[in-house]
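Readers should treat all values here as calculations from the given coordinates under stated rules, not as data from a laboratory. Predicted model, so just to flag it, every value in this text is computed and none were measured. As a convention, Cβ positions derive from the backbone with ideal geometry for all residues, glycine included, and neighbour counts pool all protein chains shown.
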Amino acid sequence: MPRAFVTGITGQDGQHLAEFLHGRGYDVYGMVKGQNNPKATLLQEEMPFVELVPGDLADLPSLVAALQIAQPDEVYNLGAISFVALSFSQAELTANITGLGVLRMLEAIRMVGGSDNNPIRFYQASSSEMFGKVRETPQTERTPFHPRSPYGCAKVFGHDIVVNYRESYGLHASSGILFNHEGPRRGMEFVTRKVTNAAARIKLGLQHELVMGNLDSKRDWGYAGDYVKAMWMMLQQDEPDDYVVATGKTHSIEDLVERAFAEVGIDNWQDYVRQDPKFYRPAEVDLLIGDPTKAKEKLGWEPEVEFPELVKMMVDHDLKREARRANIEL
Ligand code: GDP
């Protein structure tokens, strides 16, 4: 059985990837940090097949020890401080975990290595936030980076150090430049889930307004379940490389709000939405739209869920969940 080691296993992508790899017959090892981590307990209940291993991206010896336990064929580095807004208030922590964490993981792989004829393959979760103030549209693997947040800056370092270790030491290390990807497992702090959850709660009479930041920025939103498949496909290639993973379509935050409210039968969304500067960011990423041609041609990857279906999936999930919690019959 192939063995995979995943950091960020308790996050949205970690869960989707764990399910995907398990379905393909992998032994899945997931790294969890901290003492008595509540997310680890929840994950273990939902996915008992995942073997949890202690470790922290801030602590190189712990990464070496975790790899020695897992003895993986493939390592997926999905762990990070991943929320752009938080990265502005905890910039140093973000640089340490989201940026230097990649370097530590690469060093741990160099130390543990895997067998000579079966070296460990590495996937890095790079991000469309690296494009930031975009230099061209749509963005490809060759578009220059111009990050607009400490998160984006840390991801650029992570991306560059993967390329450098690949070129310097011949590691089979690939990066997926993933555009925003969402689903019912997305954290409530991210805009899609915040909006779909609010639309559901407003419909059920559990909430009366939705307070938002900038409604004008545009994102290329896909479904997380589709995107983890691309990660795996990258590690099955003979040669490591970098790939944009995106849908090639973009929508504004306002489009998202309008569609989520329409899904629950509310057309006058403006009556429920208020804007507050506290949700604005010190520097904004105005427009993201990716060109996934290379992933399509080289990996044979295609996104399957389109934006309208994605919003519907999330709203339906949130309606059921909120109704259940409030004992409301739908
Ligand atoms: P990001 O692309 O990684 O920053 O993903 P997010 O889901 O956090 O945010 C996407 C966009 O939504 C950004 O341009 C935010 O400025 C915008 N936005 C507007 N209002 C909100 C809000 O209330 N919460 C969040 N998270 N984002 C918001």
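Summary of packing: across the peptides 96-109, 262-275, the per-residue average of other C-beta atoms within 10 Å ranks them, highest first, as 96-109, 262-275.
If you take the Cα centroid of the stretch 125-191 and the Cα centroid of the stretch 21-61, the two points sit 24 Å apart. Length available on full extension from Gln68 to His22: 0.36 nm per residue minus the Cα-Cα distance, which gives 14.5 nm. Under a model in which nothing but the beta-carbon of Lys, Arg (+1) and Asp, Glu (-1) is charged, the stretch 1-85 shows a dipole of about 80 debye around its Cα centre.
Karplus-derived 3J(HN,Hα) values for the stretch 165-171, using 6.51 cos²θ - 1.76 cosθ + 1.60 with θ = phi - 60°, are 5, 5, 6, 7, 10, x, 5 Hz; glycine and proline are entered as x. Taking the Cα centre of the stretch 1-146 as reference, the dipole from Cβ charges on Lys and Arg (+1) and Asp and Glu (-1) amounts to some 300 debye. Compared with the dominant principal axis of the Cα atoms in the chain, helix 12-23 is inclined by about 60°. Provide the gained length on full extension for the span Lys39 to Glu304, in nm with one decimal, where the gain is 0.36 nm per separating residue minus the Cα-Cα distance. Residue separation times 0.36 nm, minus the Cα-Cα distance, leaves 92.5 nm. Of all aspartates and glutamates in the structure, those lying under 16 Å Cα to Cα from Lys218, and not within fewer than 8 positions of it along the same chain, are Glu129, Glu136, Glu182, Glu254, Asp255, Glu258, Glu284, Asp286, Asp291, Glu306. Looking at the chain, the DSSP beta bridges with both ends there are about 10 percent antiparallel. Largest GNM mean-square fluctuation across Asp216, Asp276, Asp226, computed for the chain with C-alpha springs under 10 Å, falls on Asp276. Note: the stretch 53-190, Cα convex hull, 122 Å³ per residue.
Just going by the charge dipole of the chain, with Lys and Arg at +1 and Asp and Glu at -1 on Cβ, which of Asn117, Asn36, Ser82 is farthest out on the positive end? Comparing the listed Cα positions along the dipole, Asn36 ranks first.
Dipole size of the chain about its Cα centre, with +1 on Lys/Arg Cβ and -1 on Asp/Glu Cβ: approximately 500 debye, rounded to the nearest 20. Couplings 3J(HN,Hα) for the stretch 49-59, derived from phi with the Karplus relation 6.51 cos²θ - 1.76 cosθ + 1.60 (θ = phi - 60°), are 6, 7, 8, 8, 10, x, x, 8, 5, 8, 9 Hz, where x marks Gly and Pro. Lys/Arg Cβ at +1, Asp/Glu Cβ at -1, dipole of the chain taken about the Cα centre: which of Asn214, Gly23, Pro292 is farthest positive-ward? Of the candidates, Asn214 comes out farthest on the positive side. Our analysis of the stretch 283-330 gives Rg over Rh at 1.23, with the two radii drawn from alpha carbon positions and Rh computed by the Kirkwood formula. In the chain, the calculated helix contribution to ellipticity at 222 nm averages -12000 deg cm²/dmol per residue, counting -39,500 (n - 2.57) for every DSSP H run with n ≥ 4. Using C-alpha pairs under 8 Å with a sequence gap of at least 6, the mean separation divided by the residue count of the chain gives a relative contact order of 17 percent. All C-alpha pair distances within the stretch 135-233, sorted into 10 Å bins from zero, spread as 12, 32, 33, 15, 6, 1 percent across the bins.
Taking the empirical scaling 2.2 N^0.38 Å for compact globular proteins as reference, the stretch 225-330 has a Cα radius of gyration ratio of 1.41. Amide H contacts of Leu287: Val134, Lys218, each under 5 Å away and 5 or more positions distant or on a separate chain (H built 1.01 Å from N in the peptide plane; Pro and chain starts excluded).
Ellipsoid semi-axes for the chain, based on the Cα gyration tensor and the rule √(5λ), read 33, 23, 18 Å when sorted largest first.
Computed from backbone phi with θ = phi - 60° and the Karplus coefficients 6.51, -1.76 and 1.60, the 3J(HN,Hα) list for the stretch 101-115 is x, 5, 4, 5, 5, 5, 5, 4, 5, 4, 6, 8, x, x, 7 Hz; x is used for glycine and proline.
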